[in-house]
1. Please find, within the range 51-107, the residue that is surrounded by the fewest Cβ atoms within 10 Å (Cβ to Cβ) out of those that are within 21 Å of A41 (Cβ to Cβ) and hydroxyl-bearing (S, T, Y).
2. Conditions: (1) touching a strand residue (DSSP E or B) at 6+ places or on another chain (Cβ under 7 Å); (2) in a loop (DSSP other than H, G, I, E, B); (3) not polar (S, T, N, Q). W53 meets all but one. Number of the miss?
3. Could you pull out every one of the strands (runs of 3 or more DSSP E) wholly within the range 186-232 that has 2 or more residues that are without any contact (Cβ under 8 Å) to a residue 24 or more places away in the chain and over 36 Å from the mean Cα position of the chain (by Cα)?
4. Please verify whether L178 is in contact with a Lys or Arg (Cβ under 8 Å, 6 or more places away or on another chain) and under 24 Å from R69 (Cα atoms), treating the condition exactly as stated.
5. Filter the range 13-29 for residues that are touching a strand residue (DSSP E or B) at 6+ places or on another chain (Cβ under 6 Å), free of Cβ contacts under 8 Å to residues at least 24 places away in the same chain and outside any loop (DSSP other than H, G, I, E, B); which is least open to solvent (accessible area, probe 1.4 Å)?
6. Name the one entry in I163, I156 that is modelled with pLDDT of 95 or more, surrounded by fewer than 20 Cβ atoms within 10 Å (Cβ to Cβ) and over 20 Å from S52 (Cα atoms).
7. Scan the range 173-184 and give yes if some residue there is at pLDDT below 90, on the phi > 0 side of the Ramachandran plot, open to solvent by 20 Å² or more (accessible area, probe 1.4 Å) and of a type in the set (S, T, N, Q), otherwise no.
8. For the range 117-138: of the residues being assigned to a loop (DSSP other than H, G, I, E, B) and surrounded by fewer than 19 Cβ atoms within 10 Å (Cβ to Cβ), which is modelled with the lowest pLDDT?
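The values are calculated or read from the model by the stated rules, or taken from the named source; none is laboratory data. The shown structure was predicted, so the numbers you read here are calculated from the model rather than taken from an experiment. Cβ atoms come from the backbone with ideal geometry, glycine included; neighbour counts cover every protein chain shown. Note: areas computed on protein heavy atoms with side chains; ligands, DNA, RNA excluded. Shrake-Rupley method; radii C 1.70, N 1.55, O 1.52, S 1.80 Å.
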Amino acid sequence: MLTANWNGLSVDAATSAKGFSYHCPECGQAVTLRKGQIKIAHFAHKPPTDCSWAKGETAAHLEAKVALRDAFRRLGYVANYEVNVLSIQGDRRADVFVTSPDGQSRWAFEIQHTPILYPAIEARTKAYIAAQVPVLWVGILSSDTKENSKPTPGGIVISKYSIKPWEKWAKALGYNELWYVDPSDGSLWRGEFGDHTIDVASATWYETGGVERSVGGYTRKSKRWRTLTLRGPYGVHQLTIGAKWRTAWSSPAFSLPQGMIASLTVV
C-alpha cells in the first residue's frame, strides 16, 4: 500500500521516513515502511496478518497508481491514491480518485491487477454508482504484453490473448472498450477485442478401395483466445475524462448494473 496512518493522519510512503510507527488504515495493524532504490516506496504488513487491503499487490500496480495520480495532478486535477469512498452498497477504496479543477466532478479509477470474479466486480461497481462516483476499470499493460505485441498504425496488437473474466465484464460495461495503463510512464491505451482465428490445416488420404478422404482446410474462431488491439499511447493531456449513462444488461454469464460510469475520450 502507498498510504498508512501515523498519529491519526494519513501519510504517503514516498514522503515518510523510517523509524516511526505506521498502521494500516483498514485493519489498524502495524505496517513497515519499505523504501529503497529499486522498488517504489510502500507500506507492508508485518507477518502474520489476515488483512486483505494490500494482499497480492504487485510492483506494477503500485507504480501504475503513482503514475496515474501524478499525470492528473500535472493537469490541475485534485488526484490521490487509495481514497476511501463511502457507499450504502459497501465502502470502496479507490486506487486513484480524481476531482475536476472546479470541484464539480469526481471519478474513481480501479486498476485491476489480480483475478476477480463477476459477482465481486459487479458489487464494487454498484458501490461506486451508489456513491455517485463514476468508476473506470483499468488494466495494466505489462512489459511481457508489450514484448509479445506487434506494432500497427496507431498502436500495437496481441493476436493471441487470453482474456480474463474481469476484462470480459469491464469491456461489456464500457461498450466493448477497455483501457490499460502503462505503469512505467502513466500513459493510457484503448483496448478493443476481436476474434482470434485458427487455421486448420488440410489433410488428404485414401481409404481401402481408393476412396479419397480429406479434412481441414478452413479457419475457425478460437474459444480460448482473442485478438487485443491497443490504440495509443495517450497521455492524460490527450484525453477528456467524463461520465456516461449505462443501462442494466444481463447475459447467461453475468449482469451489468445501471448507472453512471466513467469514460475517456481522445481529444
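1. Out of the qualifying residues, it is T58.
2. The single condition W53 does not satisfy is (1).
3. Result: 203-206, 212-215.
4. Yes, satisfied.
5. Here the answer is Y22.
6. Values: I163 fails: modelled with pLDDT of 95 or more.
The match here is I156.
7. yes
8. Among residues in the range 117-138 that are assigned to a loop (DSSP other than H, G, I, E, B) and surrounded by fewer than 19 Cβ atoms within 10 Å (Cβ to Cβ), the one modelled with the lowest pLDDT is L117.
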